[in-house]
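Take a look at the structure set out below.
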Amino acid sequence: MHDFSYVKISRRNLLLAGAASMSSAAMPAGAAQANAAAVQERPPSTAGVSMKVNGKAVTLQLDTRTTLLDALREHLRLTGTKKGCDQGQCGACTVIVDGRRINSCLSLAVMHEGAEVTTIEGLGSKDRMHPLQAAFVKHDGYQCGYCTPGQICSAVAVLDEIRQGVPSHASADIGARPLLSLEEIRERMSGNICRCGAYSNILDAIGEVAGIAGIAGERA
Ligand code: FES
Ligand code: FES
């Protein structure tokens, strides 16, 4: 659950802001244009945020509207995390924040003060791949590769969720420990879309790392 307690606006100020926006709708065109120009001239509100990204401490001064995805890609040049839909639909932007996977396009960077963020660059490198990266290569779990960083970050967190007993929508009994099965993995990975349709190979890769035996046989 996110903590929004730092957002301080009184009920009176909220009503005043609402009244101001209503009155601007009723303004003559000239006055409305002058008002719009004044708003445009106002500098954006900025804030500092300190995080640990892939084990490295970083501090950024950001427009408060900057998403975590844009902070990573545009400010830290960590372009492994991809922007697909930019509205929480595809999972290409998945990163791990404090051990949990999130869509970084849906989260403001300033909400992550003090957080530990792991991107695909932090999981492994070309010479020292994370087991899931190696399994994706082995099982040919991609074609264009655009969704792959998000798929791998998601898969790392999925296996951790199952290990920790976090229930999913596929859990018949949310009180019971989830089974480590292909169905469970498939359900949990359903927020990561692959337009190339490499799903069966992605599942093979994750299944191998999860230690699920007879994967190919199960799908045959
Ligand atoms: Fe974030 Fe698609 S870019 S979910
Ligand atoms: Fe192309 Fe998944 S490999 S979108």
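Checking the structure you have, find out if any residue of the range 127-149 is within 12 Å of the chain's Cα centre (by Cα), within 16 Å of ligand 2 (Cβ to nearest atom) and in contact (Cβ under 8 Å) with a residue 40 or more places away in the chain.
Filtering the range 127-149 for residues within 12 Å of the chain's Cα centre (by Cα) gives 149.
Among the residues that remain, those that are also within 16 Å of ligand 2 (Cβ to nearest atom) are: 149.
With in contact (Cβ under 8 Å) with a residue 40 or more places away in the chain added as a condition, the list becomes 149.
So far as the range 127-149 goes, yes, one or more of its residues are within 12 Å of the chain's Cα centre (by Cα), within 16 Å of ligand 2 (Cβ to nearest atom) and in contact (Cβ under 8 Å) with a residue 40 or more places away in the chain.
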If you scan the range 176-214, which residues turn out to be more than 16 Å from ligand 2 (Cβ to nearest atom) and of a type in the set (Val, Ile, Thr)?
-> Ile185, Val209, Ile212
Taking strands (runs of 3 or more DSSP E) that fall entirely within the range 25-115, which contain at least 2 residues that are closer than 23 Å to Val158 by Cβ and either modelled with pLDDT of 95 or more or within 16 Å of ligand 1 (Cβ to nearest atom) (or both)?
-> 46-53, 94-97, 100-103
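Anything in the range 168-186 that is part of a loop (DSSP other than H, G, I, E, B) and buried (at least 16 other Cβ atoms within 10 Å of the Cβ)? List them, or say none. Talk me through it step by step, then tell me what you get.
First pass over the range 168-186, keeping only residues part of a loop (DSSP other than H, G, I, E, B): 168-181.
Once the filter is applied, which keeps residues that are part of a loop (DSSP other than H, G, I, E, B) and buried (at least 16 other Cβ atoms within 10 Å of the Cβ), the range 168-186 yields Ser168, Ser171, Pro178.
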Test for Ser154: is it surrounded by fewer than 19 Cβ atoms within 10 Å (Cβ to Cβ) and within 16 Å of ligand 2 (Cβ to nearest atom) = no
Mind checking which residues of the range 84-107 are surrounded by fewer than 18 Cβ atoms within 10 Å (Cβ to Cβ) and of a type outside the set (Gly, Ala, Ser)?
-> Cys85, Asp86, Gln87, Gln89, Asp98, Arg100, Leu106
Of all residues in the range 132-151, which are in a helix (DSSP H, G or I), among the small types (Gly, Ala, Ser) and surrounded by fewer than 24 Cβ atoms within 10 Å (Cβ to Cβ)?
-> Ala134, Ala135
Of (1) at pLDDT 95 or above; (2) in a loop (DSSP other than H, G, I, E, B); (3) not acidic (Asp, Glu), Lys8 satisfies all except one. Which?
-> (1)
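The values are calculated or read from the model by the stated rules, or taken from the named source; none is laboratory data. Treat the numbers as computed from the prediction; the structure is a model and nothing was measured. Positions of Cβ are backbone-derived with ideal geometry, glycine not excepted, and every protein chain shown enters the neighbour counts.
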